[in-house]
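Written out below as structure tokens is the structure these notes cover.
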């Protein structure tokens, strides 16, 4: 099931984004033993006018010549509930590492949030995950 929404500031090359998606997929598979075919990652690019940190719009700070706060990326990871704390910690570390390696972004501004979804609250093929034995 793993579904990831990656919120990323615009400005990265297509090659970087493709490599990011491939490497993040591998990180999910290796960290939580998810089948590769079940991993879905949605990359959402945001213009700097759509992001603020501490109440400061990133585009406004840049226009004013002020230091621009780091604006992410942020990753929301949706998993069928049941994975242990250790696996989640590994996943967070691996995803943060991939972002750093591929996009040259230090760990400090990266945010990874894991959301456990009950198997009765996630559906595929018109059925709940629970009905499908997950």
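No value in this document is a laboratory result; all are computed from the given coordinates. Quantities reported herein were computed from a predicted structural model and do not represent experimental measurements. For neighbour counting, all protein chains shown are included, and Cβ atoms are generated from backbone atoms with ideal geometry for every residue, glycine included.
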Sorted from fewest to most neighbouring beta carbons within 10 Å, what does the list 127, 17 look like? 127, 17
Do you know the relative contact order of region 3-128, to the nearest whole percent, from alpha carbon pairs under 8 angstrom that are 6+ apart? 31 percent
So the label point goes 7 Å from the Cα of residue 10 along Cα→C-beta, right? Which residues of region 27-54 then have their backbone N under 14 Å from it? 44-51
How many percent of DSSP beta bridges within the chain run antiparallel, rounded to 5? 40 percent
Alpha-carbon radius of gyration plus Dmax, which is the widest Cα pair, for region 3-128 in Å: 16.0, 53
Would you mind ranking 24, 1, 124 by Cβ crowding within 10 Å, fewest neighbours first? 124, 1, 24
By Cβ neighbour count within 10 Å, fewest first, 48, 134 rank 134, 48
extent check for region 1-40: Cα max minus min per principal axis, descending, whole Å, gives 32, 16, 15
Based on DSSP H runs of at least 4 residues, each adding -39500 (n - 2.57), what is the mean residue ellipticity at 222 nm of the chain after dividing by all its residues, to the nearest 500 deg cm²/dmol? -10500 deg cm²/dmol
